């Protein structure tokens, strides 16, 4: 392994080494894409050739030979992935600017869910609320939840990461894990140790229309209706505003940014604020979509979203969205075909595959860490 | 503050200078003697004895993780995998779980008549160490090209995959109607350790258990001390400090890193096997991510890379977790009018300890000498400045 980066002189069996390097380059370019395409292609072919059981009519199993089950998996996966994408952006922004895996981020998302559900009760949103009141109430909930999680994330940065900025990176990673546990226990004390079902305010499982035999549920539309405008707003902010330019400059070189008159600490706080706000939005969508919440949801969601961020190329917002959507589809396929008890193992298997095949991710550049 | 610290350091150096050269050896002998006679001071089945046994086992795990995280600098967040594999080694090789097999080796007269695989506990310890060392190499391989946080994530993923396989192992068939694990039901009725001439251990008398795990601790401690001062130990530290420089000086990167994973994993496996027999059940629910962080907290609170720190960290957190929180402070929130027990939030407490420790004393309780120098380099520079500004007579020398 080390010879590829360290050894300056090619050894005598150079042909073998060169072909090995070619294999490695090839695996790096196409291996991950092949691994990602493998699941849908395999299940698509088995659906077409062997068919799948679509239901029962008069006691007999109805076997279909088409791709609509795969399409349904994709629709579920993409809409789930929209939630992961919102969380993954938080990981990617923070990693991009201070090279820290913010382990507490998933739990900030969980706090977002809890805050949203608490706000419903405060605002009096229930199953009987009218459509207009519901939309207004949810928008208020969204804004407050985003502010709460955004400020929480800023607070965590201020207390746990800023004092350690010049310390070895291990230190900040450990405080991140510590804060993750603290937040989980806050959630545990807040709403108990088992999953709680919450009112299905938008009737998330109700189909709105059908495309090619795939029912599009309300939950899917909600996930995209929240995710797409937020991502556009974020990219506009990063690319077009002065503060966004400061963020990019700090991510590139904090020292040089400081010399150019950028307030680096404020910029880092702003990054945490944005990441936390997106996590809060994801928290509300998750509560509406899944209609149950528990204190441990953040840990799992955090790991899935981190996988998504790594897959897309960490530090890259477009990559995080792409990675989130892909991971969502993988997850939906595993849920529906292998059983939900194996989903986590499949997602983590992919995480390891990414690390082996293409540590910089699909859209990422070479980083010092992953190179 | 700085001056106070400098003065304390000065006193410490003076005390260390006065002590005769054999004092550290004498202290080690005294500690071992105290360790051996300790169980006679407490009732043989008391809660404190139980907590002590668990704390000593944690210390063994902490020493194992310290090899990976402390010596080699590879942040491993999936150490629970080796606890799981060690415990399952015991479940597989020391119970009637594989009921179609008939293998017996040096076990008690009762166990030798039962179906299943029944090996002597020492053999199981060796097997657990070997299985975990192999798993450590497998987990280490994908991380070789990576650094820092990425290693943490890959090891975390492996830990979670192994935990998931343990939970779902009931649906993995290995032939003859037997499954890989018993999932959340747990492999129960595992053998207690048996030694010819001593007999089988039982949970009414905890002293033999204590001496057994204390012996394991001494063995692991000895190996750790010898490793630290060996060529391999120096290679680990060199890799930790500067990978590129170490490799260019001829340190074999792959072999050195994989050995760190394998050795650290082997110790975790031994402790896991002991936990398997001590808890009398190997249950998939024990293998949570939180446990990895718990062990990591021991290494960090003790002082990353410091052998004695790892032991102290393991003992301190072991006692906090198994004695102080459940037996002493559990009803504390109720006294303040809260409706929860302290055991429910123990991971929050450890998280809080981690944050506090990192912010206030990142070098740990007993810092490793080299790391202390690194972390206090800034203070030393400050001292030097003080000397300069106050003139040669004013500053501490």
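The values are calculated or read from the model by the stated rules, or taken from the named source; none is laboratory data. As the structure is a prediction and not an experimental result, all values here were calculated from the model. Using ideal geometry, Cβ is built from the backbone for each residue, glycine included, and neighbour counts are taken over all protein chains shown.
Of all residues in the stretch B:295-308, those satisfying the criterion of being out of contact with any helix residue (DSSP H, G or I) (no Cβ under 6 Å at 6 or more places or on another chain) and more than 9 Å from chain A (Cβ to nearest Cβ) are B:306, B:308.
Checked against the criterion of being part of a helix (DSSP H, G or I), within 26 Å of residue B:362 (Cα to Cα), at pLDDT 90 or above and in contact with a helix residue (DSSP H, G or I) (Cβ under 7 Å, 6 or more places away or on another chain), the candidates B:58, B:83 yield just one match: B:58.
Taken over the stretch B:122-134, the criterion of being within 17 Å of residue B:84 (Cα to Cα) and either touching a strand residue (DSSP E or B) at 6+ places or on another chain (Cβ under 9 Å) or within 14 Å of another protein chain (Cβ to nearest Cβ) (or both) is satisfied by B:124, B:127.
Looking only at residues that are within 14 Å of chain A (Cβ to nearest Cβ) and more than 23 Å from residue B:154 (Cα to Cα) in the stretch B:247-281, which one is surrounded by the fewest Cβ atoms within 10 Å (Cβ to Cβ)?
B:250
Considering only the stretch A:320-332, I want to know if a residue exists there that is within 12 Å of chain B (Cβ to nearest Cβ), farther than 20 Å from residue A:90 by Cα and more than 11 Å from the chain's Cα centre (by Cα).
Step one: filter the stretch A:320-332 for residues within 12 Å of chain B (Cβ to nearest Cβ), giving none.
No: zero hits.
With respect to residue B:69, is the statement that it is within 14 Å of chain A (Cβ to nearest Cβ), closer than 30 Å to residue B:363 by Cβ and crowded, with 23+ Cβ neighbours inside 10 Å true?
Spelling it out, residue B:69 is indeed within 14 Å of chain A (Cβ to nearest Cβ), closer than 30 Å to residue B:363 by Cβ and crowded, with 23+ Cβ neighbours inside 10 Å.
Residue by residue, here is whether (1) within 13 Å of another protein chain (Cβ to nearest Cβ); (2) under 23 Å from residue A:276 (Cα atoms); (3) surrounded by 15 or more Cβ atoms within 10 Å (Cβ to Cβ); (4) at pLDDT 90 or above holds:
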{"residue": "A:152", "(1), (2), (3), (4)": "no, yes, yes, yes"}
{"residue": "A:172", "(1), (2), (3), (4)": "yes, yes, yes, no"}
{"residue": "A:179", "(1), (2), (3), (4)": "yes, yes, yes, yes"}
{"residue": "A:184", "(1), (2), (3), (4)": "yes, yes, yes, yes"}
{"residue": "A:191", "(1), (2), (3), (4)": "yes, yes, yes, no"}
{"residue": "A:201", "(1), (2), (3), (4)": "no, no, yes, no"}
{"residue": "A:207", "(1), (2), (3), (4)": "no, no, no, no"}
{"residue": "A:212", "(1), (2), (3), (4)": "no, no, no, no"}
{"residue": "A:217", "(1), (2), (3), (4)": "no, no, yes, no"}
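Residues that are facing chain A (nearest Cβ under 7 Å) and farther than 15 Å from residue A:103 by Cβ within the stretch B:342-351 comprise B:344, B:345, listed in sequence order.
Would you check if residue B:227 is within 14 Å of chain A (Cβ to nearest Cβ), in contact (Cβ under 8 Å) with a residue 24 or more places away in the chain and buried (at least 18 other Cβ atoms within 10 Å of the Cβ)?
When the stated conditions are applied, residue B:227 does not pass them.
Taking the stretch A:249-264 only, how many residues are surrounded by 15 or more Cβ atoms within 10 Å (Cβ to Cβ) and either out of contact with any helix residue (DSSP H, G or I) (no Cβ under 7 Å at 6 or more places or on another chain) or outside any loop (DSSP other than H, G, I, E, B) (or both)? Steps first, answer last, please.
Our first condition is that a residue be surrounded by 15 or more Cβ atoms within 10 Å (Cβ to Cβ); within the stretch A:249-264, this holds for A:249-251, A:254, A:257-258, A:262, A:264.
Still in the list and also either out of contact with any helix residue (DSSP H, G or I) (no Cβ under 7 Å at 6 or more places or on another chain) or outside any loop (DSSP other than H, G, I, E, B) (or both): A:249-251, A:254, A:257-258, A:264.
The number of residues fulfilling the criteria is 7.
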